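Visitor: The structure follows.
The values are calculated or read from the model by the stated rules, or taken from the named source; none is laboratory data. Because the structure is a prediction, the values reported are computed rather than measured. In this analysis, Cβ positions are derived from the backbone assuming ideal geometry, glycine residues included, and neighbour counts consider all displayed protein chains. All accessible areas refer to the heavy atoms of the entire protein, side chains included, with ligands and DNA or RNA removed. Shrake-Rupley method; radii C 1.70, N 1.55, O 1.52, S 1.80 Å.
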Amino acid sequence: MEPYYSDDLVTLFHGDYRDVDAWHAADVLVTDPPYGETSLAWDRWPDGWPALVAERAPDLAQMWCFGSTRMFLDRRDDFAAWRQAQDLVWSKPRGRGTDRDRFSRSHELVLHWYRGKWGDLYIEPPRVAYHGARVRSTRRGNVDDGSKVKPMAGGTYVDNGTRLLYTVLDGDPGDPRTTHHPNQKPLAVLEPIIRYSCPPGGLVADVFAGSCSTLVAAKRLGRRGIGVEANEKYCEAAAVRLSQGALDFKQEVSK
């Protein structure tokens, strides 16, 4: 299959991910499948896709998948080939949804899955600048908050002024009337995930690429990216975005 768009870092294919082989060489998959929770025509869960990823990409050891608690519970058998490592929460600035008898949904889950030995994975824990107290008080006295780092060569733990990034990530999906895709994901959520699990120069894949925010994020971080999207409308929007280069002026409203 010929790419719909390609440049030095990223490649987008228009079609069914099952008909594309290029993503099989990815270091990590970061994707947002249809959850299968509504009556909308496009919202149909692609049965068995996590197992197919494991089968066709035997060296792909890490996967991040957006979803809801209901989705992951209903589809748990599809993830049988994977082990769940951790879960992040994307905290939205406002609620969405059509139900009037429930809480206004203002978050989504992002689950981290892996295969093989944990110690064999590429992992770069995300750290952020920290300016608060260096210790916390307990009944046993003052103790370090647990986020000190140890030099690679060993030795004493030191405080380098950073702390591990929290598991709740803020990100504005933007106004659905003006954004590229109705279910957009912000780069503020995607970029820490990619930094964490894809080495510099590595390959990120997204088999439900939408308007390709995963590829935009990969490109901004100097990683390579491969996306597959079945809807040509979103491929067209993605090609325009990706052709603008690494600087994406809609970075906070991306899918």
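Visitor: Whole-Hz ³J(HN,Hα) for each residue in the stretch 31-43, computed from phi via Karplus 6.51 cos²θ - 1.76 cosθ + 1.60 with θ = phi - 60°, x for glycine and proline: what do you get?
Guide: 8, 10, x, x, 7, x, 10, 10, 8, 4, 4, 7, 8
Visitor: To the nearest 20 Debye, how big is the dipole of the stretch 11-104 about its Cα centre, given +1 on the beta carbon of each Lys and Arg and -1 on that of each Asp and Glu?
Guide: 500
Visitor: Further question on the same structure: Amide H neighbours of Ile123 under 5 Å, at least 5 residues apart or on other chains, H built in the peptide plane: list them.
Guide: none
Visitor: I've got another one for you. Going by amide H atoms built from the backbone, whose H comes under 5 Å of the H on Tyr4, apart from near neighbours?
Guide: For Tyr4, whose amide H was placed from the backbone, the distant partners under 5 Å are Leu12, Phe13, His14.
Visitor: Which three extents, in angstrom, do the Cα atoms of the stretch 1-126 have along their principal axes, listed largest first?
Guide: For the stretch 1-126, the Cα extents along the three principal axes come out at 45, 37, 29 Å.
Visitor: Also: Going from most exposed to least, what order do Trp118, Trp42, Trp23 have by accessible area with a 1.4 Å probe?
Guide: Final ranking, largest accessible area leading: Trp42, Trp118, Trp23.
Visitor: Right, next: In whole percent, how big is the carbon plus sulfur part of the accessible area of the stretch 43-136, probe 1.4 Å, protein atoms only?
Guide: Reported share for carbon and sulfur atoms: 49 percent.
Visitor: Top to bottom by accessible area (1.4 Å), largest first, where do Phe103, Phe72 land?
Guide: Result of the area sort, largest leading: Phe103, Phe72.
Visitor: A further question follows. Per the Kirkwood treatment, what hydrodynamic radius in Å, one decimal, follows for the stretch 1-72 from the mean inverse distance over all distinct Cα pairs?
Guide: Every distinct Cα pair counted, the radius reaches 13.8 Å.
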